[in-house]
Each structure stands twice: as structure tokens, then as C-alpha cells.
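Down below is the structure, laid out as C-alpha cells.
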Amino acid sequence: MVKRYLVVVPTYNEAGNVVDFLTQLDSARKALSGKYTIDILIVDDESPDGTLAKAQALGLINSHSLSNPVKAGLGHAYIQGFIWGLSRGYDYFIEMDADLSHDPGQLINLLERSGPHSIVIGTRWMPGGKVLNWPIHRRMLSRVGTWYADRALGLHARDLTSGYRILPKALIQELDFSAIESKGYSFQIEIAARAIRSGYELAEVPITFTERRVGQSKMSPQIALEAVFKVTGWALRGHFRA
């Protein structure tokens, strides 16, 4: 039986990227359709620039959307997508950004490593991984952030903040969404930590990450500080020690 995959794509003010991203993703899933069934779900935080309208205007087959009345954050968007997908029987959940930093052409590499007992992370900081067009301070922030989270939580991972990943249904079903503390990019660290603590294998796949060409990054000092405080709190409480 062909497994069903749902790509969950949180969006906020990505009108300049979302059409190109979805067009590339649609081409990639068509090329893989003989082996994988891949649907798309856009979860938009009421983007004032018309992101959702542009996505819907494409009229892609098996592409769906949800709209939040307020800007609720990355973690909330993913949880909405997970709940929506679980209720419709998807076997795997793919996380991707809509700013073209995640290459849909590399999706096959992650899909080949996916399994019911694995969390697959597209990793920038491993042999074969690359980051294009990032300034040095962004490279340092990402690498130091992963290094700190890895050491503090004992997870033995090389790219905990990467948002290109595949999660199996069994993991999503085990999550207590009410217990998830993170709203921003620390959400990715928290989910990986919960997966590893629950005994899921961590499969790391090298990816090429490309800095956005259009629009503004959602990374902010507040989001970075949230991650530092969350990781430190988890470490002090011994929450996610593997």
C-alpha cells in the first residue's frame, strides 16, 4: 500500500515566494507519484500581503489550506496541520518552509529515509550539507544554537533547528499538544527532543539550504531568546535527556 504524506507549510507574508515554491513542490511530487502520495496543506496566519489567496489561485490538485485569524506562530501552525492531517489518515508529515530555502527537488532524499520509527531531518551541518547566501552571523547563530541545544539536552544531533523534516504518524499521535511549550523556532528543537526521548531513530540527510531572495526572515532576537530560555529550562529540569 502506498503511504500518504502531507506537506504542512506554515506561511506568513510569503506572497513573493509561495507561487514559485508550490509550483516546484507540485512538480517534485508529480515526479514521485509512482511511489509516494503527497498532498499539501498551507497553514496561513492571516497574511496581510495575500499569501493565501495566491496559493489558492494556483488551484493545485490535492492542495488544501487553513487560515488563522491572528498571527499565532510556527508551532501553532504545525500543530494545526498535524491535527488536520491525523483526522484524515495521513501516514507521514513533511515540514517545509515556503520561502524557497528548502529545495523540493531534494525531498526524495528525505522520503527514502522515512519510516514508522524515524524522524528525518534535512541537515545543513553535516558532510554534503550546504548553506548558500547566508551572512556569517546567521551561520553562527544556527550552528551555535544547535551545538548548545545538543549539549544541553544530550540529543546527539547536528541540526536541531532545521525545518525540513519528516515525522511519522505514530510520533504525532503520541504528542500531547497541550504540553508543547514552544511557539517559534524552538518548536523544532522541542519536537526533535520529544521524538528522540521516545525512542525514535534520528535520520539526518544532507540538504542545501538557500537564503530567501524575497521578503523578510521571520527570525528575530525574541525568537532566538525564546529558544535559549526554553532549552536552558529543559536542561535544568532534565526534560529531554536521551
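Observations
- Residue among Lys54, Lys30 that alone is more than 26 Å from Leu110 (Cα to Cα), basic (Lys, Arg) and free of Cβ contacts under 8 Å to residues at least 60 places away in the same chain: Lys54
- Flag if Asp97 is closer than 19 Å to Gly122 by Cβ, in a loop (DSSP other than H, G, I, E, B) and either at pLDDT 95 or above or in contact with a helix residue (DSSP H, G or I) (Cβ under 8 Å, 6 or more places away or on another chain) (or both): yes
- Subset of segment 135-155 that is touching a residue at least 12 places away in the same chain (Cβ under 8 Å) and within 19 Å of the chain's Cα centre (by Cα) - its residue that is farthest from Phe209 (Cα to Cα): Leu155
- Ala203 meets all of the listed conditions (1) within 25 Å of Pro104 (Cβ to Cβ); (2) buried (at least 20 other Cβ atoms within 10 Å of the Cβ); (3) at pLDDT 90 or above but one, namely (2).
- Scanning segment 126-153 for residues that are surrounded by fewer than 21 Cβ atoms within 10 Å (Cβ to Cβ) and of a type in the set (A, V, I, L, M, F, W, C) yields Met126, Val131, Leu132, Trp134, Ile136, Met140, Leu141, Val144, Trp147, Ala152.
- Against the numbered list (1) more than 19 Å from Ile94 (Cα to Cα); (2) buried (at least 20 other Cβ atoms within 10 Å of the Cβ), Leu167 comes up short only at (1).
The values are calculated or read from the model by the stated rules, or taken from the named source; none is laboratory data. What you are looking at is a predicted structure, and each value in this text was computed from that prediction instead of being measured. Note: ideal-geometry Cβ built from the backbone for every residue, glycine included; neighbour counts use all protein chains shown.
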